[in-house]
1. Quote the relative contact order of the range A:1-76 in percent (integer), defining contacts as alpha-carbon pairs under 8 Å separated by 6+ residues.
2. One-quarter of the Cα convex hull surface for the range A:4-109, in nm²?
3. Nearest 20 debye, what's the magnitude of the dipole of the range B:1-94 about its Cα centre given +1 on Lys and Arg Cβ and -1 on Asp and Glu Cβ?
4. Using a simple charge model, +1 on the beta-carbon of Lys and Arg, -1 on the beta-carbon of Asp and Glu, nothing else, what dipole does the protein assembly as shown show about its Cα centre, in debye to the nearest 20?
5. If we restrict to alpha carbons, what Rg and Dmax does the range B:3-112 come to, in Å?
6. Tell me the label-point distance for the pair A:Met5, A:Arg38, using the 7 Å Cα-to-Cβ offset, in nm and rounded to one decimal.
7. For chain A, what is the accessible area per residue in Å², given a 1.4 Å probe and the full set of protein chains?
8. For the pairs A:Lys56/A:Lys109; A:Lys97/B:Lys80; A:Lys69/A:Lys109; A:Lys70/A:Lys97, note any where the Cα-Cα span goes beyond 25 Å.
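The values are calculated or read from the model by the stated rules, or taken from the named source; none is laboratory data. Note that the structure is a prediction, hence the values are computed from the model and not measured. Because the Cβ atoms are built from the backbone with ideal geometry, glycine has one as well, and the counts that use them run over all protein chains shown. Areas reflect the complete protein model, heavy atoms only, side chains present, ligands, DNA and RNA absent. Shrake-Rupley method; radii C 1.70, N 1.55, O 1.52, S 1.80 Å.
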Amino acid sequence: GQQVMQIPQYQHVQEGEDFTTYCNSSTTLSNIQWYKQRPGGHPVFLIQLVKSGEVKKQKRLTFQFGEAKKNSSLHITATQTTDVGTYFCAGMAAGNKLTFGGGTRVLVKP
Amino acid sequence: SQTIHQWPATLVQPVGSPLSLECTVEGTSNPNLYWYRQAAGRGLQLLFYSVGIGQISSEVPQNLSASRPQDRQFILSSKKLLLSDSGFYLCAWTGGDTSYEQYFGPGTRLTVT
């Protein structure tokens, strides 16, 4: 079945630094979504990418969908303590089912 | 606006006991509904999804079942809980064919002892 892998599993970031988390699918995707889950909370939808090579920005967050529609990345600039949480990518290949990656847990050092 | 409710928020149950978790959505009609389980520090595993009343698709074999008795109600059940059923259970909805982003409820933390 479809698999979605995320790296790294953990990301320790100094406040103010940039980092990137990567997402790779075993199959071509119709769209990819990103979610953020704060500690103790539930996943919250951030963004959806649909087109090959698409790039979207939300303030300090930049999301990219690969040309082959099998990978994606999330880049955060000038990390803040509010960025703490786990970031999940989720790929949709067919139907309305999402396959979630294992997540990147972000810890910010002040 | 749409809201999604789950209860209970936390639950501690002994092995072998039954389970019933409820999820309801307000402010929308004919949503697609999903049940996920998240083990501690892990990703989300899709358990069941439903595109309409009485229509349930199971993603993984287990001792859990789901039902959708009403358009905006989704229930997760078990007749006999196992230790491995412990986890964070999340219900989510989407708007259907043209809206794919999922909106999650607050979740139920289940501990089987």
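1. Details: 132 pairs, mean separation 22.3, N = 76.
That works out to 29 percent.
2. Working: hull surface 24.0 nm².
Result: a mean projected hull area of 6.0 nm².
3. On the way: 6 positive and 5 negative charges, 40 e Å.
Approximately 200 debye in magnitude.
4. Numbers: 19 positive and 13 negative charges, 39 e Å.
Roughly 180 debye for the protein assembly as shown.
5. Looking at the range B:3-112, its Cα Rg and Dmax stand at 13.2, 42 Å.
6. Output for this residue pair reads 3.3 nm.
7. 48 Å²
8. Values: A:Lys56/A:Lys109 27 Å; A:Lys97/B:Lys80 27 Å; A:Lys69/A:Lys109 33 Å; A:Lys70/A:Lys97 16 Å.
Over 25 Å apart, Cα to Cα: A:Lys56/A:Lys109; A:Lys97/B:Lys80; A:Lys69/A:Lys109.
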